[in-house]
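Please treat every number below as a calculation from the coordinates, not as lab data. Quantities reported herein were computed from a predicted structural model and do not represent experimental measurements. Glycine also receives a Cβ, built like all others from the backbone with ideal geometry; neighbour counts cover every protein chain displayed.
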Amino acid sequence: MSTPRVIAGKARGMRLQDVPGDTTRPITDRVKSALFNILGADIEGASFLDLFGGTGSVGIEALSRGAAFVRFIDNHHNAIATIKKNLETTRLKENAQVISADTFSYLRQPADKAFHYIFVAPPQYKKLWQRTLQTLDDNPGWMAPDAWIIVQIHPVEYETVVLKNLREFDQRHYGSSLLIFYETVSTA
């Protein structure tokens, strides 16, 4: 697999460093391009939470395309160091925050910010994506009223998740990647 790169925006074409070892699975350019084509211009000025940040590729793409703020969460030292290095390389660190934390412990805390987009791409085949959705569903303060949560998994991992504050509204298949889109349920 080739090294990740920034596809569009201020840092277009810049190569990103991979996380050493095999603990992460970087998003492919095809899937990342498709995701940001779906988000379109709505990413401009948005806040973005990149959970299980890995290389930081998705959050950095959001910053490059005009997101106002991106927070990266990961609990692996190598991933945190890689995200920081990639933010430095792309000169996008000013509007970013990198936090070393367990995603679930972090999301159980009272929210200090509501995000427009939350990207969830945990290690595969461990049901961590369902656990992340349940944790966000139990603590909706992390989500702006019109927030989207985007989950990236292998298609064989998919199953319906029963939620009270979120609902699935779309799926997109790209080879061995599935993007699942959730939105907040309107209470009005």
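Data table
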| quantity | calculated |
| --- | --- |
| Long-range HN-HN contacts of Phe115 with modeled amide H, under 5 Å | Met143, Ala144 |
| Cα-Cα over 31 Å, subset of Lys84/Lys164; Lys93/Lys164; Lys10/Lys127; Lys32/Lys127 | Lys84/Lys164; Lys93/Lys164; Lys10/Lys127 |
| The stretch 122-172 shape via C-alpha gyration tensor axes, a/c threshold 1.5 | prolate |
| Fully extended contour minus Cα-Cα distance, from Phe104 to Phe169, at 0.36 nm per residue | 21.0 nm |
| Integer Hz, Karplus 6.51/-1.76/1.60 couplings in order for the stretch 26-41, x for Gly and Pro | x, 5, 6, 4, 4, 5, 5, 4, 4, 4, 6, 5, 5, 5, x, 5 |
| Hz values of 3J(HN,Hα) by residue in the stretch 148-164 - Karplus curve (6.51, -1.76, 1.60), Gly and Pro given as x | 10, 10, 10, 10, 10, 9, 6, x, 5, 7, 5, 7, 5, 10, 7, 9, 10 |
| Sequence-distant residues sharing a close amide H with Ala8 (under 5 Å, placed H) | Gly13 |
| Relative contact order, percent, the stretch 54-95 [alpha-carbon distance under 8 Å, six or more residues apart] | 50 |
| Relative contact order (percent, whole number), the stretch 29-184, Cα cutoff 8 Å, 6+ residue spacing | 19 |
| Stretchable slack from Ala41 to Glu157, in nm (0.36 nm times residue separation minus alpha-carbon distance) | 38.7 nm |
| The stretch 59-104: radius of gyration over Cα atoms, expressed as a fraction of 2.2 N^0.38 Å | 1.09 |
| Karplus (6.51, -1.76, 1.60) ³J(HN,Hα), θ = phi - 60°, over the stretch 76-82, in Hz, Gly and Pro reported as x | 9, 3, 4, 5, 4, 4, 5 |
| P(r) histogram, all alpha-carbon pairs of the chain included - 10 Å bins from 0, percent | 10, 41, 40, 10, 0 |
| Interchain or long-range residues, amide H under 5 Å from Gln97's placed H | Val70, Arg71, Phe72 |
| Burial order of peptide ranges 128-138, 52-62, 162-172 (average beta-carbon count within 10 Å, highest first) | 52-62, 128-138, 162-172 |
